[in-house]
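Data first, discussion second: the structure below is written as structure tokens.
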Ligand code: GLU
């Protein structure tokens with residue numbers, strides 16, 4: 001099997017040390033295994049993505065010593081594939097339209113009958129299900145003017161899911177990780193798979209593209225561990241293979257906080273401007289050249 005890895009940044013700001021870590025881990029893994037490293041531009045959020053950030057991603061990654069086959073896949077050019085997947089999930093009866101605003105969700109999730117204590121999932125508050133059972137005409141077409149949520153109860157129906165983790169997960173997990181239907185229902189819930197403003201979502205697009213690009217190993221930060229559980233479910237529903245996952249440690253600032261895109265002090269371009277080179281970045285991150 002040829003190992004294929006990828007780095008999939010969103011062009012919504014400068015790359016920082018945390019991105020460099022993800023990209024280098026993915027590229028080194030492919031290089032060590034004589035595999036292939038791909039770059040994918042995750043620009044479905046057209047309101048926040050900018051060509052200037054995309055150009056800087058290319059520059060920064062080349063500067064780090066990475067290369068990849070061209071042309072790169074841009075998610076904004078791949079909407080037809082996401083639409084087809086949504087059609088399929090809709091036909092399976094696994095999606096429902098949701099018109100709730102953030103405030104409605106907060107109010108409903110904090111209501112006493114819900115236990116009063118909202119649960120935070122990978123996308124924020126676990127959805128309390130307000131729109132789940134609204135009547136719909138049988139055979140009605142997939143709505144385009146509302147967010148679509150995955151009905152997690154129907155989607156999992158007491159099935160087990162599992163995936164291989166070669167990293168350390170957020171709680172030190174590795175090996176084969178099982179995702180239980182109860183966890184999915186109660187701590188992840190009915191996630192949005194198509195946002196009203198995007199016509200897709202990070203979760204759906206990433207799953208479709210990892211499969212289309214035959215990615216065998218996904219390396220990503222430990223903050224995405226819970227999102228990976230969603231991805232494993234979507235892969236099962238859409239008959240797509242589940243890659244091997246490696247959730248790596250997060251790069252933090254001196255105060256132990258996660259780096260944010262707006263943290264310009266740790267932007268790769270800032271280090272470049274200060275005359276540092278790619279070996280210095282590797283040294284700072286504690287990763288040696290394979
Ligand atoms: N576009 C996502 C990000 O930048 C990709 C994460 C992933 O799936 O590895 O966080």
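Brief remarks follow.
- Among the residues making up region 189-210, those that are in contact with a helix residue (DSSP H, G or I) (Cβ under 7 Å, 6 or more places away or on another chain) and within 16 Å of the ligand (Cβ to nearest atom) are 191, 193, 200, 203, 204, 205, 206, 207, 208, 209.
- Some residue of region 220-229 being at pLDDT 95 or above, within 25 Å of residue 1 (Cα to Cα) and away from the ligand (no atom under 12 Å from the Cβ): yes
- Within region 207-226, the only residue that satisfies the criterion of being buried (at least 21 other Cβ atoms within 10 Å of the Cβ) and assigned to a loop (DSSP other than H, G, I, E, B) is 215.
- Residue that is farthest from residue 218 (Cα to Cα) [pool: residues in region 1-20 that are surrounded by fewer than 24 Cβ atoms within 10 Å (Cβ to Cβ) and more than 11 Å from the ligand (Cβ to nearest atom)]: 14
- Scanning region 10-29 for residues that are closer than 15 Å to residue 285 by Cα and assigned to a helix (DSSP H, G or I) gives 17, 18, 19, 20, 21, 22, 23, 24, 25, 26, 27, 28.
- Checklist (1) without any contact (Cβ under 8 Å) to a residue 40 or more places away in the chain; (2) surrounded by fewer than 20 Cβ atoms within 10 Å (Cβ to Cβ); (3) within 19 Å of residue 148 (Cα to Cα) applied to residue 187, failing item: (1)
- Looking at 37, 58, just one residue is part of a helix (DSSP H, G or I), touching a strand residue (DSSP E or B) at 6+ places or on another chain (Cβ under 9 Å), surrounded by 14 or more Cβ atoms within 10 Å (Cβ to Cβ) and without any contact (Cβ under 8 Å) to a residue 40 or more places away in the chain, and that residue is 58.
- Residue satisfying condition, being within 19 Å of residue 234 (Cα to Cα) and without any contact (Cβ under 8 Å) to a residue 60 or more places away in the chain, within set 87, 133, 104: 87
- Qualifying residue in region 138-153 (condition: assigned to a helix (DSSP H, G or I) and within 21 Å of residue 121 (Cα to Cα)): yes
- Checked against (1) buried (at least 19 other Cβ atoms within 10 Å of the Cβ); (2) touching a strand residue (DSSP E or B) at 6+ places or on another chain (Cβ under 9 Å), residue 128 passes all but condition (2).
The values are calculated or read from the model by the stated rules, or taken from the named source; none is laboratory data. These figures come from a predicted structure and were not determined experimentally. With ideal geometry, Cβ positions are generated from the backbone for all residues, glycine too; neighbour counts draw on all protein chains shown.
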